[in-house]
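To keep things clear, I will list the structure first and then write my remarks on it.
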Amino acid sequence: MKFSVQAGNPLEFDTPALIIGCGTDPAGTPLFDAISAALGGVPGRMYESKEFTGKPGSVKVIHTLGALPAQRIVLVGVGDPGEVTPEKIRRGAGAAAQALVAARVCSAASVLHQIAPVAGLLEASLEGVSLGSYRYDCYKTKDRQEVLLQEVTVLCAGVDEAERIAPVAAAVETVCSAVRMSRDLVSAPGNLATPAYLAEKAGQIAERGGMACTVLAVQELARLGMGALLAVGQGSQHPPVLAVLEYRGINDGSNPVVLVGKGITFDTGGISLKPGANMELMKHDMAGAAAVLGTLQAAAALRLRINLVGLVPLAENMPDGEAYKPGDVVTTLSGQTVEINNTDAEGRLILCDALQYAHRFQPAAIIDLATLTGACVVALGHNATGAMGNDGELLASLLRAGEATGERLWELPLWEEYGELMKSDIADLKNAGGPSAGTISAGWFLKQFVGTNKWVHLDIAGTAWEDKGRHYLPKGATGVGVRLLVKYLQGIAG
Ligand code: BES
Ligand code: MN
Ligand code: ZN
């Protein structure tokens, strides 16, 4: 998706589609009145008949049949203009983009951000159109939709405004292309997206962004003592690896933020095999890894003045004669031993070795992202990422970034008492607690590997995949985490 910014009058602008924001009672606003008049009163009539009410996120496409240079007017409902928020605009723009994709329109112009004098509406409107028009269709050889919305021109009042806005639009383009890249990785099928494939992608992202990238293979993992990551990967024909990316955006000796992403390229559950229904969705069990790669790509492209490390443990969780099994005891990189009581609780195992490995970077903060527990979907559904950590300030900053980006977080407690659930009779820990507090017990397990570092764990099991398709989240991978982390990092980069 390409953005351009231009001074221009929407009533005179030649475009396949002009996107405008509309409140619940738009009569009297000059642009709406002018458009309604040019179209013989049709938009006004739609309000009268309640075909369109301007409620947030609603969309109506009207052909102009030559009455205006724009071939179509896209009305986007924003609700009460006094209560407009960036998220309402993001969702409305996403819905508009989906309508334009369905109408096979490949370019559009927008004045949606002009609907109210609220900060962040331009970014939100462009994020909405870029993310809402995304499709993963590279495997369609028939009936593939060739035309997708590809270009959006932001219209503004004058050249001064255009000059001010252009860099903002360029930054949104950069971040959204990282989100789209992340979605591509998550949607890639498990037979393609193996640990080696994702490690190669990591290398390409690093090279394009001028980052260092090291991929630790099995021999190196064994030498280091990453018994947990190795155990999870040992049943697969595709050996586990740890990809390490380092972005240096500032040379002031400041400590890096370390991002850790769960990269299970397919989760069958292993010997504790998952039921067959919907198992295909477990290709997205590397969404944490994809979020880390997307964030690094965006951070480098934006040249954020910050140091960053990305740690991406990659493995495939398979049942096999060589696979790890319930009752096994593994020794983690930290030296702590873990009794395996469920091979389907594999995410925390690959993460615990990566979290321990993070210590060597003397991190300013560690943030991990993982599609870790089905329990998180039970607790929060698909509208919030579960957040846990050991540092109030770090958590608060991430919660704020979540509000700002619409990638909302909800904190769960990590009290010591939850550790009771993870006690083993024969080892230091077991890897799976019982059915209660499943998200928290997983978080508590991870906490045993962060030491005194500031750390937040984000459980994205409910937010990484969209089942139905809504506003700016088409059905499939959401790319969650990229915009959240970029917003957080922009905040600390100053
Ligand atoms: N990858 C799954 C969690 C998951 C479930 C992600 C649904 C996205 C959607 C994870 O590896 C897993 O299997 N967790 C188990 C843990 C249990 C065995 C303690 C779970 O949630 O059932
Ligand atoms: Mn699992
Ligand atoms: Zn998993």
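The values are calculated or read from the model by the stated rules, or taken from the named source; none is laboratory data. All values reported here derive from a predicted model rather than from experimental measurement. Cβ sites come from the backbone with ideal geometry, for glycine too, and all protein chains shown count toward neighbours.
Test residue 286 against the stated conditions and say whether it is surrounded by fewer than 18 Cβ atoms within 10 Å (Cβ to Cβ), under 21 Å from residue 188 (Cβ atoms) and either within 13 Å of ligand 2 (Cβ to nearest atom) or in the same structural domain as residue 198 (by TED's automatic domain parsing) (or both).
Taking the combined requirement at face value, the residue does not satisfy it.
Please work out which residue is surrounded by the most Cβ atoms within 10 Å (Cβ to Cβ), limiting yourself to the range 427-440 and to residues that are aliphatic (A, V, I, L, M) and farther than 16 Å from residue 228 by Cβ.
Here is the first cut: in the range 427-440, the ones aliphatic (A, V, I, L, M) are 427, 429, 432, 437, 440.
Keeping just the survivors that are farther than 16 Å from residue 228 by Cβ gives 437, 440.
Details: 437: 20, 440: 24.
Checked the range 427-440; the qualifying residue surrounded by the most Cβ atoms within 10 Å (Cβ to Cβ) is 440.
When you scan the range 298-307, do you find a residue that is in a strand (DSSP E or B) and away from ligand 2 (no atom under 14 Å from the Cβ), even just one?
So far as the range 298-307 goes, yes, one or more of its residues are in a strand (DSSP E or B) and away from ligand 2 (no atom under 14 Å from the Cβ).
Taking the range 45-61 only, how many residues are over 9 Å from residue 75 (Cα atoms) and in contact with a Phe, Trp or Tyr (Cβ under 8 Å, 6 or more places away or on another chain)?
2
Would a scan of the range 236-244 turn up a residue that is within 16 Å of ligand 1 (Cβ to nearest atom) and either in the same structural domain as residue 394 (by TED's automatic domain parsing) or buried (at least 22 other Cβ atoms within 10 Å of the Cβ) (or both)?
Yes, some residue in the range 236-244 is within 16 Å of ligand 1 (Cβ to nearest atom) and either in the same structural domain as residue 394 (by TED's automatic domain parsing) or buried (at least 22 other Cβ atoms within 10 Å of the Cβ) (or both).
Give 443, 479, 469 a once-over and let me know the one that is surrounded by 24 or more Cβ atoms within 10 Å (Cβ to Cβ) and either more than 22 Å from residue 308 (Cβ to Cβ) or without any contact (Cβ under 8 Å) to a residue 40 or more places away in the chain (or both).
Values: 479 fails: either more than 22 Å from residue 308 (Cβ to Cβ) or without any contact (Cβ under 8 Å) to a residue 40 or more places away in the chain (or both); 469 fails: surrounded by 24 or more Cβ atoms within 10 Å (Cβ to Cβ).
Every option except 443 fails the conditions.
For the range 343-396, what are the residues that are under 21 Å from residue 315 (Cβ atoms) and aliphatic (A, V, I, L, M)?
345, 349, 350, 351, 354, 355, 358, 366, 367, 369, 370, 372
For residue 314, work out the one condition from (1) buried (at least 24 other Cβ atoms within 10 Å of the Cβ); (2) within 16 Å of ligand 1 (Cβ to nearest atom); (3) in a helix (DSSP H, G or I) it doesn't fulfil.
Going through the list (1) buried (at least 24 other Cβ atoms within 10 Å of the Cβ); (2) within 16 Å of ligand 1 (Cβ to nearest atom); (3) in a helix (DSSP H, G or I), residue 314 breaks only (3).
Where in the range 385-494 are there helices (runs of 4 or more DSSP H), lying wholly inside it, with at least 2 residues that are over 23 Å from the mean Cα position of the chain (by Cα)? Step through it out loud before you land on a result.
Details: elements: 392-405, 438-447, 482-493.
The helices (runs of 4 or more DSSP H) meeting that bar are 438-447.
Please find, among 323, 277, 289, the residue that is over 23 Å from residue 487 (Cβ atoms) and either within 13 Å of ligand 1 (Cβ to nearest atom) or not aliphatic (A, V, I, L, M) (or both). Break it down stepwise before answering.
Details: 323 fails: either within 13 Å of ligand 1 (Cβ to nearest atom) or not aliphatic (A, V, I, L, M) (or both); 289 fails: over 23 Å from residue 487 (Cβ atoms).
After ruling out the rest, the residue left standing is 277.
Residue under question is residue 410, and the condition is that it be aromatic (Phe, Trp, Tyr) and either surrounded by 15 or more Cβ atoms within 10 Å (Cβ to Cβ) or touching a helix residue (DSSP H, G or I) at 6+ places or on another chain (Cβ under 6 Å) (or both); does it hold?
yes
What number of residues in the range 265-281 are under 25 Å from the mean Cα position of the chain (by Cα) and crowded, with 20+ Cβ neighbours inside 10 Å?
4
Only one of 354, 323 is more than 13 Å from ligand 3 (Cβ to nearest atom) and either part of a helix (DSSP H, G or I) or not assigned by TED's automatic domain parsing to the domain that holds residue 435 (or both). Can you tell me which?
354
Tell me, please, whether a residue that is under 24 Å from residue 408 (Cβ atoms) and buried (at least 20 other Cβ atoms within 10 Å of the Cβ) can be found in the range 33-56. Can you show your working first?
Keep residues of the range 33-56 that are under 24 Å from residue 408 (Cβ atoms), which gives 55-56.
If we keep only those that are buried (at least 20 other Cβ atoms within 10 Å of the Cβ) as well, we get 56.
Yes, the range 33-56 contains a residue that is under 24 Å from residue 408 (Cβ atoms) and buried (at least 20 other Cβ atoms within 10 Å of the Cβ).
Is there a residue being more than 19 Å from residue 30 (Cα to Cα) and touching a residue at least 24 places away in the same chain (Cβ under 8 Å) anywhere in the range 64-72?
Yes, the conditions are met somewhere in the range 64-72.
I need a count of the residues in the range 11-46 that are free of Cβ contacts under 8 Å to residues at least 40 places away in the same chain and either in contact with a Pro (Cβ under 7 Å, 6 or more places away or on another chain) or within 18 Å of residue 99 (Cβ to Cβ) (or both).
Of the residues in the range 11-46, 7 are free of Cβ contacts under 8 Å to residues at least 40 places away in the same chain and either in contact with a Pro (Cβ under 7 Å, 6 or more places away or on another chain) or within 18 Å of residue 99 (Cβ to Cβ) (or both).
Of the residues that sit in the range 363-395 and are among the β-branched types (Val, Ile, Thr) and surrounded by 17 or more Cβ atoms within 10 Å (Cβ to Cβ), which one is nearest to ligand 3 (Cβ to nearest atom)?
So, considering only residues that are among the β-branched types (Val, Ile, Thr) and surrounded by 17 or more Cβ atoms within 10 Å (Cβ to Cβ), the one nearest to ligand 3 (Cβ to nearest atom) is 371.
For the list (1) away from ligand 1 (no atom under 12 Å from the Cβ); (2) of a type in the set (A, V, I, L, M); (3) without any contact (Cβ under 8 Å) to a residue 60 or more places away in the chain, I need the number of the one condition that residue 401 fails.
(3)
Return yes when residue 401 is in contact with a helix residue (DSSP H, G or I) (Cβ under 8 Å, 6 or more places away or on another chain), more than 16 Å from ligand 3 (Cβ to nearest atom), under 17 Å from residue 491 (Cα atoms) and of a type outside the set (Val, Ile, Thr) and no when it is not.
yes
Go through (1) away from ligand 3 (no atom under 16 Å from the Cβ); (2) out of contact with any strand residue (DSSP E or B) (no Cβ under 8 Å at 6 or more places or on another chain); (3) not in a helix (DSSP H, G or I) for residue 360 and report which single condition fails.
So residue 360 meets the others, but not (3).
Among the residues of the range 12-36, write down those that are assigned to a loop (DSSP other than H, G, I, E, B), among the aliphatic types (A, V, I, L, M) and within 34 Å of the chain's Cα centre (by Cα). Quick ask: steps written out before the conclusion?
Filtering the range 12-36 down to residues assigned to a loop (DSSP other than H, G, I, E, B) leaves 12-17, 24-29.
Subset that is among the aliphatic types (A, V, I, L, M): 17, 27.
Selection gives 17 alone.
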